[in-house]
Amino acid sequence: MLTLYDNPFSPFARKVRLALDHKGLAFESIDALATEQHEKLLAVNPRAEVPVLVDDDLTIADSSDIVAYLEDGYPEPPVFPQEPKLRATARAWERLSDTLLDAIIHDISIWSWPTHRRQDHPPQGLIDAGRRDLWRILEEIETTLEGSGFLCGGLSIADLAVFPHLSSLKALGIVFDPSRHPGLCDWNRRMRTLGIVRRDLEYVKRIAIEKFIEAPSPYEGEKIVWRGDRIEWLLHNGFQRWWLEEHTAGRAVVPASI
C-alpha cells in the first residue's frame, strides 16, 4: 500500500492525489500538516513539507519526483506526453506551477487563510504585484490553449499541476474573464468535468468544512514556512523589509536544509 503524507489544501499534494487517482492507485493518506502529525512528518522529511510518498522501503519527498516515480512505476494511464517536445513542455508547466505560480499565490493569500487570522494588512503594493504577475501567467496559458483542449494536447501533468493553483484564485478576487481568456475559461470548465477533478474539489470542500467549521483548526495558526521560491518572488518585488520583520517576530520560518 502506498502511503501519502498529505494535506487536503496543499496544491502540491493535490497534484499528486490527482495523479494517483488518474492512475487508479489506492493509497493511505495522512494529513501530515496537522500539528499532531508533525513528528511523523519530520521522520520522513526533515523539511516538514508535504507531500511525501512512501512505497515500502522507498521515501520520496518532492511532488515532481513523486509524479515521475508514479509514471515510471505505474505507466498506464500516463500523465506525461509520449512525444519528447510535448513532454518537455509539460515538465516546464509543472515547474512553473511549483515555483512561480505557487510563490505568487502563497505570498498574496496569507491574509485570507482560515488557519491564520491575521490582524494586519498586506504591505503596500504586494497584492498589486501579485495580480500583475498572475495576469501575465494567465495570458501565457491563454496563448498556449489556443486550438487545444489541454496545455499539452491531451490531459497531462501540466494540467494537473496548474489546476490546483488556479482553482484558488476566485477566493483572491481573481475571476477568469471569458472575453479576455476564452480558452482558459473553456479549459477550466473542461477540467471540472473530469472525475478526478470533481472528486478532488469535493474532497477539499468537505475537509474544509470539517477542519475549519465543525471543529477547531488542527494546523499551526501563526508561523508560516517560507521556502526559496516564495522568498525569491517576495524579495524580487522589494518586500524584503516586511519579510525580515516577519522573521524577527517569529512568524516566518525557513525550512531545514537537511
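The values are calculated or read from the model by the stated rules, or taken from the named source; none is laboratory data. Bear in mind the structure is a predicted one, so any value in this text is a computation, not a measurement. Every residue, glycine among them, receives a Cβ derived from its backbone with ideal geometry; neighbour counts consider all protein chains shown. Calculation scope for accessible area: heavy atoms of the full protein, side chains included, ligands and nucleic acids excluded. Shrake-Rupley method; radii C 1.70, N 1.55, O 1.52, S 1.80 Å.
Some points to look at:
- Residue check, Asp6 more than 15 Å from the chain's Cα centre (by Cα), among the charged types (D, E, K, R) and modelled with pLDDT of 95 or more: no
- Restricting Ser167, Ser179, Ser156 to those that are open to solvent by 60 Å² or more (accessible area, probe 1.4 Å) and either among the small types (Gly, Ala, Ser) or under 18 Å from Arg17 (Cα atoms) (or both) reduces the list to Ser179.
- Arg189 vs. criteria over 20 Å from the mean Cα position of the chain (by Cα) and either under 18 Å from Thr144 (Cβ atoms) or not charged (D, E, K, R) (or both): no
- Restricted to segment 228-241, and to residues there that are of a type outside the set (Asp, Glu) and surrounded by 16 or more Cβ atoms within 10 Å (Cβ to Cβ), the residue that is nearest to Gln37 (Cα to Cα) is Arg230.
- Cβ pairs under 7 Å, 6+ apart, first in segment 1-19 and within 15 Å of Asp62 (Cβ to Cβ), second of a type in the set (Ser, Thr, Tyr) and surrounded by fewer than 20 Cβ atoms within 10 Å (Cβ to Cβ): Leu4/Ser29; Asp6/Ser29
- Condition check for Glu220: open to solvent by 50 Å² or more (accessible area, probe 1.4 Å), within 20 Å of Ala32 (Cβ to Cβ) and in contact with a Ser or Thr (Cβ under 8 Å, 6 or more places away or on another chain): yes
- Of all residues in segment 51-96 being farther than 17 Å from Asp159 by Cα and in contact with a Ser or Thr (Cβ under 6 Å, 6 or more places away or on another chain), the one that is surrounded by the fewest Cβ atoms within 10 Å (Cβ to Cβ): Val54
- Residue pairs whose Cβ atoms lie under 6 Å apart, separated by 6 or more positions or on different chains, with the first residue in segment 114-136 and farther than 17 Å from Arg241 by Cα and the second in a helix (DSSP H, G or I) and of a type in the set (Phe, Trp, Tyr), are Pro114/Phe212; Arg118/Trp111.
- The criterion of being open to solvent by less than 60 Å² (accessible area, probe 1.4 Å), modelled with pLDDT of 95 or more, touching a Gly at 6+ places or on another chain (Cβ under 8 Å) and assigned to a loop (DSSP other than H, G, I, E, B) does not hold for Gly250.
- Within segment 17-43, considering residues that are out of contact with any Leu (no Cβ under 9 Å at 6 or more places or on another chain) and surrounded by 17 or more Cβ atoms within 10 Å (Cβ to Cβ), the one farthest from Arg198 (Cα to Cα): Gln37
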